[in-house]
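Comments concern the structure below.
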Amino acid sequence: MKLKHDLHLAYCTNIHRGETWPETLAALETFTLAVRERVCAGRPYAIGLRLSDQASRELSEPTALLAFQRWLERHQCYVFTINGFPFGCFHGQRVKEQVYFPDWTSSDRVNYTNRLFDLLAQLVPPGVEGSVSTVPGSFKEPGITEDQLARMRANIFSCVEHIARLSKRTGRTLHLGLEPEPLCVLETTAETVEFFGRLREENSDDGRLKEFLGVNYDTCHLAVEFEDPVEGLARLRNAGIKISKLHLSSALKLRPTADALAAVRAFADDTYLHQVVARAEDGSLTRYKDLGLALADSQRAAEEWRIHFHIPLHSPPAQWFDNTTDHLLGILDLLEANPQLCSHLEMETYTWDVMPPELRSRDVVEQLTLEYEWCLKQLRARGLV
């Protein structure tokens, strides 16, 4: 939906199963329109679209794309952003670290991302910016060589060139957002600034990098890293890095007592990777690839754990664990102070299928509706609605 100051808010449809285009459209018909009727009936409604590689190929067929454009018109919906992070299957089977592959060393990632922009240029309404969020380079394990980093930067720049040509030809304002995430090549804001600096050096500080490439700032991911929202965002902006999109999301945090560790075992699943960052009393950080590994090392002294598990925005603190809503609210405070910071806001809680029952609403439509209500209340309090 469109808010004040030309801001746009949607939820990311990666919460729904669907790897083919017919499956994706069926989810939009079944769930997205139902949410729309509860939160934005009778008004233009924004969709944060997730497309797999297969779905993007199928939607690229002219008849399929035209039918979807007519579907959007008929339902007063519009697409302003696409989640281009998960290339393949994202639900119902083990995803874990495979979600990062093919990574930015691969031409498959380039071709997929270019295709998403080709689609977005035909879907985004005139006068509205279009963004695609993507993998933060690659997963760090088992190790990244300098040659791989160089190939990532070259492929990302190749994609930027494609976006620049497409933007010029269509008159659309389009940009790609790399999404920092724990244990990835782009993990912290400091690492992100360093990566962008190398990219600019290798391409003679090409102006297209500032215009068409930025960061998808996920408030869950950077909270897990114990980053301060004011300092982290200032670090990116002082480096001249565009904030392409804000992912409004919240992570788990807890003091690792015996009771808390027993309670958090319910969040260890076989589908998604739940990286953990543990902070000791001296401020030092220990990182774990997955929650199970952190639990196996739970005798190590730590003051606080933060876990990459997206929980509903409206979830209150529980008996044994809390959330990182303070980081998210800190970002919204910065948006209140400067609404031109970023025009794309997307709620992203994709963990419906693996969430412990006590955190789930009766159905996914109700959960998404409650997330909208929570988010709009916070935005309204800051004069953004």
**Asked** So what is the calculated 222 nm ellipticity per residue for the chain, using -39500 (n - 2.57) for each DSSP H run with n of 4 or more, over all residues, to the nearest 500 deg cm²/dmol?
**Response** -12500 deg cm²/dmol
**Asked** For residue 377, which lysines qualify as cross-link partners when the Cα separation must be under 18 Å and same-chain residues fewer than eight apart are set aside?
**Response** 2, 4
**Item:** Residues with amide H under 5 Å from that of residue 322, placed H, sequence gap 5 or more
**Value:** 253, 254
**Prompt:** Which residue, 360, 43, 115, tops the fluctuation ranking in a GNM of the chain built on C-alpha contacts under 10 Å?
**Reply:** 43
**Asked** If one computes the Cα centroid of the stretch 302-319 and of the stretch 38-103, what distance in Å separates the two points?
**Response** 28 Å
**Prompt:** How big is the antiparallel share of DSSP beta bridges in the chain, given as a percent to the nearest 5?
**Reply:** 35 percent
**Message:** Please list, in order along the stretch 253-262, the HN-Hα scalar couplings obtained from phi with the Karplus expression 6.51 cos²θ - 1.76 cosθ + 1.60 (θ = phi - 60°), rounded to whole Hz, x for Gly and Pro.
**Reply:** 9, 7, 8, x, 7, 4, 5, 5, 5, 5
**Request:** For residue 245, go through the aspartates and glutamates and keep the ones whose alpha-carbon is under 17 Å away, minus same-chain ones fewer than eight residues off.
**Result:** 6, 129, 179, 181, 187, 211, 218, 333, 336, 346, 348
**Fill in**
Under 5 Å from the placed amide H of residue 218, counting only residues 5+ away or on other chains, we find 247
**Message:** Compute a Gaussian network model of the chain, connecting alpha carbons closer than 10 Å, and tell me which residue from 103, 218, 259 fluctuates the most.
**Reply:** 259
**Item:** Residue-wise HN-Hα coupling along the stretch 77-87, computed from phi with Karplus coefficients 6.51, -1.76, 1.60 (Hz; x: Gly, Pro)
**Value:** 10, 8, 10, 10, 8, 10, 8, x, 7, x, 6
**Prompt:** So which lysines pass the test for residue 96, namely a Cα distance under 20 Å, with those fewer than 8 places away in the same chain ruled out?
**Reply:** 140, 289
**Hz values of 3J(HN,Hα) by residue in the stretch 320-325 - Karplus curve (6.51, -1.76, 1.60), Gly and Pro given as x** = 10, 8, 10, 9, 9, 4
**Asked** Using a Förster distance of 56 Å, how high is the FRET efficiency between residue 326 and residue 57, based on the Cβ-Cβ distance and rounded to 0.05?
**Response** 0.85
**Prompt:** What residue among 305, 320, 21 has the largest mean-square fluctuation in a Gaussian network model of the chain, using Cα springs under 10 Å?
**Reply:** 320
**Item:** Label point 7 Å beyond Cα of residue 33 along Cβ direction - residues of the stretch 49-71 with amide nitrogen under 11 Å
**Value:** 71
**Built amide H within the under 5 Å cut-off of residue 347, gap 5+** = 10, 11, 12, 248
**Prompt:** Over the stretch 215-318, what is the mean sequence separation of C-alpha contacts under 8 Å (at least six apart), divided by residue count, expressed as relative contact order in percent?
**Reply:** 34 percent
**Asked** For the chain, what is the charge dipole size about the Cα centre, in debye to the nearest 20, if Lys and Arg each add +1 at the Cβ and Asp and Glu each add -1 at the Cβ?
**Response** 1160 debye
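Computed from the coordinates by the stated procedures, all read-outs in this text should not be read as laboratory data. Note that this is a predicted model, so its numbers are computed, not measured. Heads up, the Cβs are rebuilt from the backbone with ideal geometry, glycines too, and the neighbour counts pull from every protein chain shown.
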